[in-house]
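Everything below concerns the one structure shown next.
What follows draws every value from the coordinates through simple rules; no lab data is involved. What you see is a predicted model, and the numbers here were worked out from it, not measured in a lab. With ideal geometry, Cβ positions are generated from the backbone for all residues, glycine too; neighbour counts draw on all protein chains shown.
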Amino acid sequence: MTKSQYAASGVDIDAGNRALELMKDSVRATYTEAVLAGIGSFGGLFDVSSLKQMDHPVLVASTDGVGTKVKFAASYGRFRGIGHDIVNHCINDILVQGAKPLFFMDYFATSRLNPEQTAEVVTGIAEACQEANMALLGGETAEMPGVYQPNEFDVAGTIVGVLERNEILPRPTIQEGDLLIGLTSSGPHTNGYSLIRKTLENTSLDPALVDTLLAPHRSYFNLLYPQLSKVKALVHITGGGFIENVPRLLPENLNAVIHRNAWQIPSIWNLIQQKGNISTEEMYRVFNMGIGMLAIVDKSRADDFQAAISEPTFVIGELVKGQQKVVLN
């Protein structure tokens with residue numbers, strides 16, 4: 001058989017077909033009756049006739065990536081968790097506006113396609129979609145030698161969700177005295193890995209520490225969506241940490257005071273701060289410090305909200321008069 005010139009240039013169509021074969025069952029397991037066309041189609045088709053039952057449906061869309069966590073994961077041969085990372089990050093980003101996920105689209109690019117590794121990532125994506133009852137409607141796998149370094153890859157995704165217009169978060173009732181209630185993270189989630197890698201590059205990492213650093217970004221959807229009527233706003237603590245993310249939800253005349261002793265900060269953050277000689281201000285500007293999601297709740301409803309959440313939560317601060325800033329206390 002004549003060798004394919006395209007394969008000789010670094011792009012192997014057969015490897016792509018093999019990857020598709022390995023992942024197709026996982027992808028199809030996410031399909032609901034709303035999926036009219038998925039794998040193999042030029043475009044995914046999703047039946048939205050159910051939205052007619054809503055009073056004023058609003059679509060919410062978001063696109064994101066996993067960042068340099070992919071490089072860290074690849075160095076340890078951990079691929080499936082990266083799939084959970086990209087889906088759950090996107091789910092949380094639209095959850096803070098009050099949306100329920102409808103479908104997800106993924107993009108996987110690498111220097112040279114390894115079908116088994118690619119299928120691991122996409123299988124992780126499909127698993128996370130299933131947990132949120134969301135269809136993995138389609139995606140793209142790209143092999144781009146010369147653009148990516150050998151053995152490196154990147155993954156990104158787009159999510160589309162829906163909510164009623166009159167239920168969009170944040171609510172206009174945010175006021176002085178509202179409490180900040182934190183929910184724990186599963187680890188660094190998907191932000192700060194360039195600094196983590198630089199800080200720990202000369203440190204021998206034991207398996208437990210690697211597990212902590214590569215724990216998938218958790219989704220807060222199933223936990224929080226049934227309780228959205230009790231909150232005024234949600235804040236996803238991602239890139240930018242507390243310092244950059246919390247002000248995005250604040251009125252111009254309020255500050256958020258964060259009490260750093262209100263929760264037990266996981267030891268991983270102490271290690272990174274000490275090894276990297278990083279200031280406390282920068283730690284809270286880059287990392288989630290063990291809190292992955294914040295709910296802004298009226299003081300009178302805080303006990304009710306916390307009682308409705310099936311895991312420990314922490315009152316970590318409150319809103320006071322100010323200039324739309326975060327104050328670490």
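At-a-glance table
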read-out: GNM top mover of Val58, Val155, Val246 - the chain, alpha-carbon springs below 10 Å; value: Val58
read-out: For Gly65, net neighbour charge (Lys/Arg +1, Asp/Glu -1) across residues whose Cβ lies under 13 Å away; value: -3
read-out: Helix axis angle, 80-95 relative to the chain longest principal axis, alpha carbon, degrees; value: 40 degrees
read-out: For the stretch 18-108: span of alpha carbons on each principal axis (Å, largest first); value: 49, 32, 19
read-out: Relative contact order (%) - the chain, alpha-carbon pairs under 8 angstrom, separation at least six; value: 22 percent
read-out: Unsatisfied cross-links (Cα-Cα over 30 Å) in the set Lys24/Lys69; Lys100/Lys275; Lys24/Lys71; Lys198/Lys321; value: Lys100/Lys275; Lys198/Lys321
read-out: Whole-Hz couplings from phi, Karplus 6.51/-1.76/1.60, listed for the stretch 265-280; x for Gly and Pro; value: 6, x, 4, 4, 6, 5, 4, 5, 5, 5, 5, x, 6, 9, 5, 4
read-out: Reach of Lys52 by Cα under 17 Å, taken over aspartates and glutamates that are not fewer than 8 positions away in the same chain; value: Glu33, Glu164, Glu167
read-out: DSSP bridge pairs, the chain: antiparallel proportion in percent, nearest 5; value: 75 percent
read-out: Highest-MSF residue in the chain out of Phe314, Phe72, Phe42 [GNM, Cα springs under 10 Å]; value: Phe42
read-out: Charge tally in the Cβ shell below 10 Å around His84, where Lys, Arg are +1 and Asp, Glu are -1, His84 excluded; value: -1
read-out: Sum of side-chain charges, Ala135 neighbourhood, beta-carbon under 15 Å (Lys, Arg +1; Asp, Glu -1); value: -3
read-out: Cα-Cα P(r), the stretch 179-328, percent of pairs per 5 Å interval; value: 2, 9, 19, 22, 19, 14, 9, 5, 2, 0
read-out: Vicinal HN-Hα couplings computed from phi for the stretch 44-60 (Karplus, 6.51 cos²θ - 1.76 cosθ + 1.60; Hz; Gly/Pro x); value: x, 10, 10, 6, 10, 4, 5, 5, 4, 6, 7, 6, 8, x, 10, 7, 10
read-out: Highest-MSF residue in the chain out of Leu254, Leu45, Leu183 [GNM, Cα springs under 10 Å]; value: Leu45
read-out: The chain: projected area of the alpha-carbon convex hull, averaged over directions, in nm²; value: 18.9 nm²
